[in-house]
Amino acid sequence: MGNIRRSRGYSFEHKLVQRLNNGEWNARRLGGSSTGLPDIVAVNNKTGTLLTIEAKSGTGDILYVPADQIERCILIDRMFSYYDKRHIILAFKFMKKRRLQRKSNIIYEARQLVEHYLLADALSKKTEYPIIKCMYSGATYAIYPDKSKKLTLPRFQMPFM
């Protein structure tokens, strides 16, 4: 099961990089959590813009970004302070097939493929980084060790849209 998830994640990251590498943008997949780096970094040197992207994809109704992955994005964002415009983007892809477990059987239901791109710059001002929970609807929540609260992250217009 882990290889399928890893493959799905790699595929989403790879497609994001391909979509970003059109025109004035240069993007690279950095290897994600195994390297201690964000999933993707993209730059537009003409506009002085850096995007640090953490990408998640899945067949369920909820996707999570762990706190340490948020922190990695923030560290890279701060490292490249030369760029006037820097953004931390959380990219979520909810697959066309929804995975459900009914009794002891796993079934898949058809649904619409949904992608959410959320601007997470506000998280860099925190002293404690939460786990981010994103629902199929796009609703987001910040999960801390002692509490959970609704989080309103603005939508981000990706350059390829």
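If you go through segment 140-158 and keep only what is crowded, with 17+ Cβ neighbours inside 10 Å, outside any strand (DSSP E or B) and more than 14 Å from the chain's Cα centre (by Cα), you end up with nothing.
Report yes if some residue within segment 19-35 is among the small types (G, A, S) and modelled with pLDDT of 95 or more; otherwise report no. Lay out the reasoning, then the answer.
Within segment 19-35, the subset among the small types (G, A, S) is 23, 27, 31-34.
From what's left, modelled with pLDDT of 95 or more: 27.
Yes; the residues of segment 19-35 include at least one that is among the small types (G, A, S) and modelled with pLDDT of 95 or more.
Taken over segment 111-139, the criterion of being over 12 Å from the mean Cα position of the chain (by Cα), part of a strand (DSSP E or B) and free of Cβ contacts under 8 Å to residues at least 40 places away in the same chain is satisfied by V114 alone. Within segment 48-78, being at pLDDT 95 or above and in a loop (DSSP other than H, G, I, E, B) holds for G48, P66. Does segment 10-47 hold any residues that are of a type in the set (S, T, N, Q) and outside any helix (DSSP H, G or I), and which are they? Scanning segment 10-47 gives N21, N22, N26, N44, N45, T47. R86 - would you say it is modelled with pLDDT under 90, touching a strand residue (DSSP E or B) at 6+ places or on another chain (Cβ under 7 Å) and part of a strand (DSSP E or B)? No. Taking segment 33-65 as the range and being within 24 Å of S81 (Cα to Cα), touching a strand residue (DSSP E or B) at 6+ places or on another chain (Cβ under 9 Å), touching a residue at least 24 places away in the same chain (Cβ under 8 Å) and not aliphatic (A, V, I, L, M) as the test, the residues that pass are P38, D39, N44, T47, G48, T49, T52, E54. Here A110, A120 are screened, and the one residue that is among the hydrophobic types (A, V, I, L, M, F, W, C) and under 25 Å from Y144 (Cβ atoms) is A120. Selection of segment 70-109 for residues being touching a Gly at 6+ places or on another chain (Cβ under 8 Å) and under 19 Å from E128 (Cα atoms) yields only R72.
The values are calculated or read from the model by the stated rules, or taken from the named source; none is laboratory data. Everything numeric in this text was worked out from a predicted model, so none of it was measured. Quick reminder, even Gly has a Cβ in these numbers, built from the backbone with ideal geometry, and neighbours come from all protein chains shown.
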